[in-house]
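J.: Quick one: the structure is below, and I'll ask about it shortly.
The values are calculated or read from the model by the stated rules, or taken from the named source; none is laboratory data. Since this is a predicted model, take the numbers as computed values, not measurements. Neighbour counts are summed over all protein chains in view; Cβ atoms, including those assigned to glycine, are modelled from backbone coordinates with ideal geometry. Keep in mind that these areas ignore ligands, DNA and RNA; they rest on the heavy atoms of the full protein, side chains included. Shrake-Rupley method; radii C 1.70, N 1.55, O 1.52, S 1.80 Å.
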Amino acid sequence: AQKITQTQPGMFVQEKEAVTLDCTYDTSDPSYGLFWYKQPSSGEMIFLIYQGSYDQQNATEGRYSLNFQKARKSANLVISASQLGDSAMYFCAMRERLGGGATNKLIFGTGTLLAVQP
Amino acid sequence: DVKVTQSSRYLVKRTGEKVFLECVQDMDHENMFWYRQDPGLGLRLIYFSYDVKMKEKGDIPEGYSVSREKKERFSLILESASTNQTSMYLCASSSRLAASTDTQYFGPGTRLTVL
């Protein structure tokens, strides 16, 4: 069965510093996708970044980058130059293909709560 | 921009009541999803739909049903609410045309309390 693991329940980082949020995954499917979402205290899940299993380069979106290490089955999120507004819960997710090909679903980790300190 | 809206941000209901949670998306997405989120458990899929009138059970469908009469609207129904259904409910949608990524876009969530 596919599984996503986030081992850091909570983290602190100083404003303007970089931070890495860990995510490991387990799948036997050679084709998969990995996502990171941000959930501020308001509750909405905000899509941040996507990495496909066949992508040669690590995904980047502004201050977010995904450190994809396929052999280790890890997909860590790196946030550079942290800002106070980055304080939120962060979820790693993996796409799981469903039978019949009608659609896919996402499997989520339990999340990491990031607190950015001034 | 993709916009997914949910009918209520906060809802308080009594045990045994029938509860409707509504979700609307404006991007013509084929796929829609209902999740519940509980501390320490992440998001768990309740039901999803890949087309009008089509529905599929997710990982925790017990105690819930869904309805998708129109493409843009996906409703989650608690036939007889119980206290263990107190949770945050999140709706999401995605485009089948973007099957290579299947990025799901979420609504703001409904925090349901059942007393």
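J.: Give me the 1.4 Å probe accessible area per residue for region A:1-86, excluding ligands and nucleic acids, in Å².
T.: Accessible surface, normalised per residue, equals 52 Å².
J.: Given a 1.4 angstrom probe, I'd like the percentage of the accessible area of region B:1-57 that is carbon and sulfur, rounded to a whole number.
T.: Solvent-exposed carbon and sulfur of region B:1-57 make up 49 percent of the total.
J.: Compute the distance in nm between two label points, each set 7 Å from the Cα along the Cα-to-Cβ direction, one at B:Lys18 and one at A:Val78.
T.: So the two model labels end up 5.5 nm from each other.
J.: Once the Cα gyration tensor of region A:4-51 is diagonalised, what are the square roots of 5 times its eigenvalues, in whole Å and ordered largest first, as equivalent ellipsoid semi-axes?
T.: Semi-axes from the Cα gyration tensor: 23, 15, 11 Å.
J.: Further, regarding this structure: Shielding of A:107-114 by partners, i.e. mean partner chain Cβ atoms within 10 Å per residue? Spell out each step's value before the answer.
T.: Values: counts 5, 7, 2, 6, 6, 0, 0, 0.
Shielding by partners across A:107-114 averages 3.
J.: If the cut-off is a Cα-Cα distance under 19 Å, which lysines reach B:Lys71, setting aside same-chain residues fewer than 8 apart in sequence?
T.: Leaving aside lysines fewer than 8 places away in the same chain, those within reach of B:Lys71 are A:Lys105, B:Lys3, B:Lys53, B:Lys55, B:Lys57.
J.: I'd like the distance between the alpha-carbon centres of region A:4-66 and region B:61-112, rounded to an integer number of Å.
T.: That distance is 23 Å.
J.: Using θ = phi - 60° and the Karplus curve 6.51 cos²θ - 1.76 cosθ + 1.60, what whole-Hz ³J(HN,Hα) does each residue of region A:108-118 get, with Gly and Pro shown as x?
T.: The phi angles translate into 9, x, 8, x, 10, 8, 9, 10, 9, 9, x Hz.
J.: Moving on to the next point. What does the accessible area of B:Lys3 come to, in Å² to the nearest 10, when a probe of 1.4 Å is used?
T.: 110 Å²
J.: Starting from the residue with the highest accessible area, list B:Arg68, B:Arg44, B:Arg73 in decreasing order, probe 1.4 Å.
T.: These residues rank, largest area first, as B:Arg73, B:Arg44, B:Arg68.
J.: Along Cα→Cβ, 7 Å out, is where each label goes; now give me the distance between the ones at B:Glu72 and B:Met54 in nm to one decimal.
T.: 2.1 nm
J.: Please find the FRET efficiency linking B:Met88 to A:Phe12, where r is the Cβ-Cβ separation and R0 is fixed at 25 Å, and quote it to the nearest 0.05.
T.: It comes out at approximately 0.55.
J.: So, one more: Taking 1 over the mean of 1/r across every pair of different Cα atoms in chain B, what Kirkwood radius in Å do you get?
T.: 14.1 Å
J.: While we're here: Please compute the Kirkwood hydrodynamic radius over region A:28-116, one decimal place, Å, based on all pairs of different Cα atoms. Present the calculation step by step, with values, prior to reporting the outcome.
T.: Details: mean 1/r = 0.0717 Å⁻¹.
Kirkwood hydrodynamic radius for region A:28-116: 13.9 Å.
J.: Right, something else. For A:Glu15, A:Glu61, give me the order by solvent-accessible area with a 1.4 Å probe, most accessible first, ignoring ligands, DNA and RNA.
T.: Result of the area sort, largest leading: A:Glu61, A:Glu15.
J.: Can you list residues from other chains, or at least 5 along the same chain, whose modelled amide H is less than 5 Å from the amide H of B:Thr86?
T.: Those lying under 5 Å, H to H, from B:Thr86 are B:Val114.
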